[in-house]
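**Student:** Below is a structure I'd like to ask you about.
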Amino acid sequence: MKAQLAVAAVGLGFLLVQAVPMQAHHSFGAEYDAKQPVTLKGTVTKFEWTNPHARFYIDVKGDDGKVTNWNLELASPNVLGRQGWTRHSLQVGDTVTVTGSKAKDGSNMANAARVTLADGRTVGARSAEDGGPVK
């Protein structure tokens, strides 16, 4: 009887693990470099209000006129909500200014620390686990 109960418990555990989608979480220091600050001004092309991190994309026009799309990671929607964000804070076409930390791999990706929204409000964008707020 104990063996059957153990097999049933293991089977149930396996089913629960399969039913819950898992996503790996990374540390700020593994992907971003706090010693490489970046300030970007651009136009929002996409906004994803998802866990474990919300993210948005902006087109930034360089001094040479070339437009580059940047991928900007934010804190989780729960943390962002406590900092004044909603799922409607960013709209495609909005012009925003972002300060944050560049990706270590040199890609056009950054962890956003603060975002000045189209309406002029500046809101925090990081959780303590993501390198903390910019001072």
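**Student:** Which one of the conditions (1) of a type in the set (D, E, K, R); (2) within 19 Å of Arg121 (Cα to Cα); (3) modelled with pLDDT of 95 or more does Arg82 fail to meet, given that it meets all the rest?
**Tutor:** (3)
**Student:** Which ones in segment 49-59 are crowded, with 16+ Cβ neighbours inside 10 Å and either of a type in the set (Lys, Arg) or more than 16 Å from Arg87 (Cα to Cα) (or both)?
**Tutor:** Hits for segment 49-59 are Arg55, Ile58.
**Student:** Test Gly131 against the criterion of being at pLDDT 95 or above and buried (at least 16 other Cβ atoms within 10 Å of the Cβ), and give yes or no.
**Tutor:** No.
**Student:** A follow-up question, please. Which residues, taken from segment 26-72, are at pLDDT 95 or above, touching a Lys or Arg at 6+ places or on another chain (Cβ under 8 Å) and among the charged types (D, E, K, R)?
**Tutor:** Correct list: Glu48 only.
**Student:** Only one residue in Val60, Val79, Val67 is β-branched (Val, Ile, Thr) and under 19 Å from Ala118 (Cα atoms). Which one? I'd like the intermediate steps shown before the answer.
**Tutor:** Values: Val79 fails: under 19 Å from Ala118 (Cα atoms); Val67 fails: under 19 Å from Ala118 (Cα atoms).
After ruling out the rest, the residue left standing is Val60.
**Student:** Kindly provide the set of residues from segment 72-108 that are free of Cβ contacts under 8 Å to residues at least 40 places away in the same chain and under 14 Å from Val60 (Cβ atoms), ordered by number.
**Tutor:** Residue satisfying the conditions is Ser107 alone.
The values are calculated or read from the model by the stated rules, or taken from the named source; none is laboratory data. Computed from a predicted structure; not experimentally measured. Cβ coordinates were reconstructed from backbone atoms using ideal geometry, including for glycine residues, and neighbour counts include every protein chain displayed.
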